[in-house]
Structure formats: structure tokens, C-alpha cells
DNA sequence: GATCATCAGATTGTCGACAAACTTACATTA
DNA sequence: TAATGTAAGTTTGTCGACAATCTGATGATC
């Protein structure tokens, strides 16, 4: 079977060359849009035209539509027939669902984390600690956006600890959806003063190897997060999926700095 | 805000009309391919050309490529650069991962199921019971394919009990991946004689409202399933992602009955 | 005055075509 | 004989264009 790799298999392989990561245009576009969503440059519910978006990204409509389908499968975009696309608006039910799922997944991630060898754990703890410090700095600077980014990255690191690509992907999507909840409810970044402290406590539990405490803290945090989200009733709340685009302003908004730097 | 729905909001709404489900071509294609994967018409790892596939489906390459991206996001397809597409080959690690995730999700589904009102539960129990009977019939007839389908449907019904679209979608993908595991390891449908009995027991636990027993039975079943899958070492096992397509025969195989009946 | 029909405008869904990239096979050379 | 260089062939990635469809508004009718 392996004689197919004729030339290579008999040649001595020196060093350890990792395979080149060649990303397709569709990947680039999907990442750009995903990033724009996370950054808040594409607010939920705003109707976007394909042609306009494709022009801004510097690609034609073909690859853009392919990327749209991928993001739609992730649940980040809605594609109403013949109405372009729009970032999905999260409802209170979505918020509950997302945070409930995250609780189930992340508590398990905590267990998986603590099941790893100490060396790996130490390295990850460094990363986690760095993110907590980032939260603290952002809090001092009153930088809601930076705070939110550090928050997402903290949980992303946690997701990596699971050692399952499938799980990591799920968490990645859930985290973006989490932010979409914020945007859908508040329409802007929001500072929570106790966020850093909560995560400092979680980090401590992981350092101490106390799985149960970690789970308790995490679930409390997520519950609190949901409470904050659904307590504040906004216009987004009573939007149903069906008339998702009804509220969008007629003037197509400028998209902010959407850029696909190296694409063509 | 609601005055946008001018004509309708003032008209008396008779009966309960559910919104028309207008499926796009991309949806149709994605469903067709998904179905072909589940039916085993598209075996894992076989390289497929876009043009050929598009022709068989009676569509052009544009929509097909969009559908490909969606299925790729679901983890069912791999799209190597400039090599067309192929159904993903599941490894032993994948099998473990999938079944582990299913255990986490489905035990929770059991709890959610038992938390529902009795009336709803009864109806779902009928569906579940029907699937178990289907398994028994298939077992008598030695129909591996029918058995497998009933198995998937049983767990699909369970997924619906969760009341979370997000969770249902995850489970849907995981179930297809489960079948992909079978195809990847055995390359054909496989009859397990105790499948019906195992599910009969689970059904009984749900009828009795015994959540703990249900979870125990379910986890035992999934563990057993993994054992069966990884115990049988096949050529698919030692295939790594990188040379996924290396083994594909040079003759592009006929795709079986891939059909998009109503598409154009 | 409200409802319905008609029409123009704009946008999407789909297709066909071209060029670039990759694979495979063959010839050449050490 | 094995490895390298070259070339042809095939397939993808991308783009531009056309037609079908939907939206929104205007005008006619009861």
C-alpha cells in the first residue's frame, strides 16, 4: 500500500517537516466573515447583498457563496431565499441553549484537562493564566472588546485541552454564538466587572486539580451569563426567525473593515 | 414594529398554517449526497470528480460546490485541493470520539426526555417502540441495511426529544458519522444480533422513567459498539488523513443511484 | 377607503467558459 | 538502474453573464 509513495518511502526523511498548510480561498473568505462577525463589524440581522460583499472582499460571487454555505452550516449565517444573507440573530432561547450546551461540554473539558499529563497541563495553565491577566488589564482599561476577546480565547484554550477536533470545532462555533448573543441582546460589547475574578477562580481550581470545584464555578458563571443576557429585554428578543430581516434598515450599511488581505 | 406585516396582521388567521418549507437547490443536493452516504452509495475515501457528480445529479457545478462546502463543514466530506471530493474515512480514534460524544449527549437527552410532560412522552415512546419493532423484523429477515436504518431513526427520535435544534443537528451529524464508521471499518452493513434487545431494554427504562438505568444501558451499548468497531482492524485503520485518497482505485467508480428526482 | 392587480427594478440562482494548477507518464541523463 | 526533468492531459478554481424570481410601489376597482 505504501509503495505508492515510491520516491519518498525509500528516501531517508531528515528532520520533521510539518505539512504545508495551504488554505483555499473559501477558507480565507469564511475566516474573514467569521472574524468580522466576532469583531462586531457584521451586526446580527443586517441584510447583506452578495455582490456588495463579494466586491468588498475582492472575490467573485462564486467562492463567496461557497463560504456562505459553510457558515450557514455552522449556524452563524442565515440565507433567506433571494434575500442575500444576514448574521443570525440570537434569541433568549438560543442563549439558554448555547450556555446549557457549553456547560455540558466544558465541564467535561475540565475533566479531560485534569486527566492529561502534568507537563501538558502546566503549559496550558500558562496560556489560561495569560488570558486571565489579559482580562484584568482590559478591565482596568475599560476595554470591553479586549475583555471579550480574552474571554473567548480562555475558553478556546480549554477546548484544545479536550483533544478532540470534533469537540474543538463545536466549542469554536458555540463561542462565536455566545458573542452573537451579546450582540443580539446588547448590540455592543459589554463589560462585566466580575468576569476576570470568576475566571481567576476557575483557573485556581484547575491548578489545584479540583475538578468538582471547577465545574461548580463554571456552571455558576454560565448561569450568571445567561441571566445577564435574558434579563435585559431588548428589541432583539421578540424577533422571530421568520421575520428576521424585517427590521433591517433599508439603507445597506457600510460593512466596516472587511478585508481579505492576501486574497488575490 | 409589527405594522410591517400590514396585510396579514389585521386579517383573521384561520386554522394553523405552518410556513411553507421552500428548500433551495443546495439543500436538495446536500440532502441527496447525505442520503447517498448513509445508504452506502458513496463509500468513504473514493475520489469523486465534480463534473461527473454534477452531471449525475442533474445540476451544474456551482450549486454542487456550495453543497460540498456545507457537507464539509459537517465533517462528512473532505475536499483536498484540486482533487475533487471524497467521503471522509473514519479512523478508530474518530469512532471513539464519536461514541464518546454520543454518550455525553444522549444520556442528557434521556434526562430531557423524562422531564417532558407525559402526553408528549407517550407519543415519542410510540415512535421509539415502532423503531425497535422494525429492528426485530429486520433482524429476522437478516436485513442489515434495514436494521441500521431503524437504529439511526431510533436515536433520531431521541434527539428530537431534546427540544434543541442545535443539539438535534449535532446528533444528526454524529449519527451519520456513526454509520460512516461502519462503512470505514467494515465496508458494508453489519448485523449485530443483540441490537434490538439492547434497544428494547433502553425503551423499557424510558417507559419506567428510570433515567439512571437508561444511561447505564446506553453507555454500555455505545461502549460495546466502539469495541466492535475498533476490534476489527482493517485497512482503513492505518490510513492517515494526509494520504486519504491514496488508496482510491484509478477507475472512477459508478456512483450507484444518486438522484435528485425533482431537481430541474 | 381598502384591497387587489400590474409593473418596474433589483438581486439572486444557475450556467458556461477560461486559465491555472496538479497529476501522470515518458524521455533523458548520470 | 534509478533519479530527475519535461510535457501532455485532466480537473479544479474563478469569473462573467443571463434569466427567473422576488420586492416594493403605483394605479385601478369595488
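Of the residues making up the range B:85-99, not one is within 14 Å of chain A (Cβ to nearest Cβ), within 16 Å of DNA strand C (Cβ to nearest atom) and either assigned to a helix (DSSP H, G or I) or touching a residue at least 40 places away in the same chain (Cβ under 8 Å) (or both). In this structure, residue B:37 does not qualify as under 14 Å from the mean Cα position of the chain (by Cα), within 27 Å of residue B:186 (Cα to Cα), within 13 Å of chain A (Cβ to nearest Cβ) and surrounded by 20 or more Cβ atoms within 10 Å (Cβ to Cβ). Considering (1) under 16 Å from the mean Cα position of the chain (by Cα); (2) facing another protein chain (nearest Cβ under 8 Å); (3) in contact (Cβ under 8 Å) with a residue 12 or more places away in the chain, the lone condition that residue B:73 does not fulfil carries the number (3).
Can residue A:59 be described as modelled with pLDDT of 85 or more and under 21 Å from the mean Cα position of the chain (by Cα)? Steps first, answer last, please.
Numbers: modelled with pLDDT of 85 or more: yes; under 21 Å from the mean Cα position of the chain (by Cα): no.
Against the criterion (modelled with pLDDT of 85 or more and under 21 Å from the mean Cα position of the chain (by Cα)), residue A:59 does not qualify.
Residue A:37 meets each of the listed conditions (1) within 14 Å of DNA strand D (Cβ to nearest atom); (2) touching a residue at least 12 places away in the same chain (Cβ under 8 Å); (3) part of a helix (DSSP H, G or I) apart from (1).
Checking the structure you have, find out if any residue of the range B:121-135 is more than 17 Å from the chain's Cα centre (by Cα), within 11 Å of another protein chain (Cβ to nearest Cβ) and loosely packed, with under 15 Cβ neighbours inside 10 Å. The answer is no, given that none of the residues of the range B:121-135 is more than 17 Å from the chain's Cα centre (by Cα), within 11 Å of another protein chain (Cβ to nearest Cβ) and loosely packed, with under 15 Cβ neighbours inside 10 Å. Taking the criterion of being in a helix (DSSP H, G or I) and closer than 15 Å to residue B:180 by Cβ, the residues of the range B:40-81 that qualify are B:71, B:72. Criterion applied to A:82, A:116, A:102 was being out of contact with any strand residue (DSSP E or B) (no Cβ under 7 Å at 6 or more places or on another chain), within 25 Å of residue A:207 (Cα to Cα) and without any contact (Cβ under 8 Å) to a residue 60 or more places away in the chain, and the one residue passing it is A:116. All conditions but one from (1) within 19 Å of residue A:94 (Cα to Cα); (2) buried (at least 19 other Cβ atoms within 10 Å of the Cβ); (3) in contact with a helix residue (DSSP H, G or I) (Cβ under 7 Å, 6 or more places away or on another chain) apply to residue A:202; the one that does not is (1).
Can you confirm whether residue B:68 is crowded, with 22+ Cβ neighbours inside 10 Å, within 16 Å of residue A:69 (Cα to Cα) and within 14 Å of another protein chain (Cβ to nearest Cβ)? It is true that residue B:68 is crowded, with 22+ Cβ neighbours inside 10 Å, within 16 Å of residue A:69 (Cα to Cα) and within 14 Å of another protein chain (Cβ to nearest Cβ). Look at (1) in contact with a strand residue (DSSP E or B) (Cβ under 6 Å, 6 or more places away or on another chain); (2) at pLDDT 90 or above; (3) over 24 Å from residue A:164 (Cβ atoms) and you find that residue B:48 fails only one, number (2).
The conditions of being at pLDDT 90 or above and in the same structural domain as residue B:170 (by TED's automatic domain parsing) are not met by residue B:67.
Of all residues in the range B:53-65, those being near DNA strand D (Cβ under 10 Å from one of its atoms), surrounded by fewer than 20 Cβ atoms within 10 Å (Cβ to Cβ) and more than 9 Å from chain A (Cβ to nearest Cβ) number 3.
The values are calculated or read from the model by the stated rules, or taken from the named source; none is laboratory data. The structure displayed is predicted, hence computed values, not measured ones. Note that we place each Cβ from the backbone using ideal geometry, even for glycine, and neighbour counts take in every protein chain shown.
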